[in-house]
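Right, one structure below, let's go through it.
All of the numbers you see were taken from the coordinates with simple rules; none came from a lab. Keep in mind the model is a prediction, meaning the values are calculated, not measured. With ideal geometry, Cβ positions are generated from the backbone for all residues, glycine too; neighbour counts draw on all protein chains shown.
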Amino acid sequence: MKCFFYFKDKSRSRKQRSAPELEEQSKSEYSEADRVTKSSHSESSRRGIPQLYEEKAHSLRVFSYKELRYATNDFSRLLKIGEGGFGSVYKGSIKPAEGEGDPVVVAIKKLNKDGLQGHKQWVAEVQFLGVVEHPNLVKLVGYCAMDGERGIQRLLIYEYMENKSLDDHIFNKAYPALPWETRLQIVLGAAQGLAYLHDGLEVQVIYRDFKASNVLLDENFKPKLSDFGLAREGPVAGRTHVSTAVVGTYGYAAPDYIETGHLTNKSDVWSFGVVLYEILTGRRSLERYRPKAEQKLLEWVKQFPANSKKFSLLMDPRLENQYSRSAARKIAKLADNCLLKSAKDRPTMSQVVERLKQIIQQPRGENSSEDSLESFENDSVDSDKNTSQMGAAESWKRRMSHLAKLGEHVEGVSRRRFMIMQSAKVP
Ligand SMILES: Nc1ncnc2c1ncn2[C@@H]1O[C@H](COP(=O)(O)OP(=O)(O)OP(=O)(O)O)[C@@H](O)[C@H]1O
Ligand SMILES: [Mg+2]
């Protein structure tokens with residue numbers, strides 16, 4: 001399912017929306033807290049993602065385009081493993097960071113849209129993933145940016161996740177049905193990843209695009225969140241929300257956020273509630289091919305309340321009754337709490353984690369089914385050897401100014417495109 005980009009805040013001038021230098025970006029893109037409610041705290045000492053990135057992101061590798069072409073056999077269709085709103089994802093192998101040893105298998109995401117929005121998402125992803133560190137968040141190995149005569153190239157290189165995404169395993173019938181216990185472990189891990197973003201860092205991070213396809217699964221089905229292109233810094237202390245253009249994915253975004261553009265960590269909690277119902281039912285949040293009354297999952301599940309006798313009719317038939325009915329009811333109730341209309345009544349992600357642990361740890365009998373029904377070139381533009389030799393401060397400065405320059409270039413490209421679109425009356 002693709003992301004939507006719906007720019008609600010018409011008061012923002014084009015200049016504000018256009019690609020800022022990275023320094024500028026720290027003011028306009030990440031700290032839109034200047035348009036938030038309440039209090040007038042001094043924030044001079046507050047460090048944002050760009051500052052944390054300066055401090056933490058030294059281990060990111062910078063790849064040349066050529067190196068990635070080799071890694072993917074010139075972006076061979078045979079190595080393509082997925083496609084999303086940002087671009088195509090390829091499996092590839094790269095040289096290990098130390099330069100010696102076995103090649104490392106990675107996933108390489110190649111931006112296929114030109115222009116500003118893609119570049120901004122790419123920068124956001126590099127910066128957020130350069131800062132965060134948690135077992136339930138995907139690791140960014142490095143990135144590549146090349147501005148040539150034939151346009152810009154932006155790529156992201158991640159650790160390879162053997163079992164693709166939760167989306168593939170619950171919705172794609174080509175895969176065996178995901179067992180109940182595995183589903184529970186996956187939602188617990190994903191909840192822990194979100195709780196870390198909300199509460200485990202110096203700044204609050206709102207993920208903004210929680211959905212089954214962004215929950216990747218490693219060889220042991222351990223979940224890791226990917227795609228930080230839409231992530232935003234949360235409001236600073238004493239403030240309630242960030243006001244922002246509404247972006248996300250239809251079927252997962254919280255109604256209060258869509259309506260007002262007021263973003264809080266409770267927007268992620270809503271999306272999490274949607275995914276809880278997806279793992280219970282095996283249905284997507286939006287399935288347009290179904291009869292009208294069944295298209296919207298959250299509408300459809302209302303017929304089968306957690307306390308009712310009809311509840312089990314809601315469950316994914318592919319589970320073949322191999323699930324704990326009592327745990328399933330509790331998960332549905334938790335989902336209902338996450339999906340409360342009023343954002344402030346929804347639980348925090350830390351509370352969700354605690355509740356999931358309780359549900360999973362309930363006595364075995366209760367959770368069982370009885371009660372239920374290559375080749376490389378040494379042409380890296382910034383080898384790790386160089387990085388370690390350089391002072392860390394100098395290294396990040398170079399990276400920051402490199403990214404800023406790229407931003408300027410994209411801005412230019414983007415303006416040109418904007419003008420072309422206007423004269424051609426492209427909507
Ligand atoms: N690190 C990775 N390892 C293995 N497979 C991956 C990795 N990243 C992405 N994929 C695969 O590529 C698919 C597409 O991912 P991508 O994030 O581009 O799109 P999406 O999540 O489906 O949509 P959106 O662009 O709206 O996020 C994923 O569903 C997954 O199967
Ligand atoms: Mg994705």
Inset, instruction - Could you rank the peptides 137-150, 335-348 by their average count of other C-beta atoms within 10 Å per residue, with the highest value first? - result: 137-150, 335-348
Legend entry - Tail weight of P(r) past 22 Å, computed on alpha-carbon pairs of the stretch 166-362, percent: 45
Legend entry - For the stretch 256-280 versus the stretch 78-116, the gap between their alpha-carbon centres in whole angstrom: 29
Inset, instruction - Please give the direction-averaged projected area of the C-alpha convex hull for the stretch 163-236, in square nanometres with one decimal. - result: 5.1
Legend entry - Contact order normalised by residue count of the stretch 166-362, Cα under 8 Å, 6+ apart, percent: 23
Legend entry - Amide H partners (placed H, <5 Å) of G142, local residues excluded: R61, I157
Legend entry - Test item: Cα-centred dipole of the stretch 169-275, Lys/Arg +1 and Asp/Glu -1 on Cβ, debye: 180
Inset, instruction - Work out the length of the dipole vector of the stretch 166-362 about its Cα centre, built from +1 on the beta-carbon of each Lys and Arg and -1 on the beta-carbon of each Asp and Glu, and round it to the nearest 20 debye. - result: 780
Legend entry - Out-of-range pairs (alpha-carbon distance over 25 Å; input K66/K211; K173/K266; K109/K224; K164/K302; K109/K292): K66/K211; K173/K266; K164/K302; K109/K292
Legend entry - Inter-label distance for Q358 and D199, nm, one decimal - labels placed 7 Å from Cα along Cα-to-Cβ: 1.4
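I'd like the chymotrypsin sites (Phe, Trp or Tyr not before Pro) in the stretch 270-334 restricted to DSSP loop residues with at most 14 other Cβ atoms within 10 Å, sorted by number.
Here the sparse-neighbourhood loop sites are Y289.
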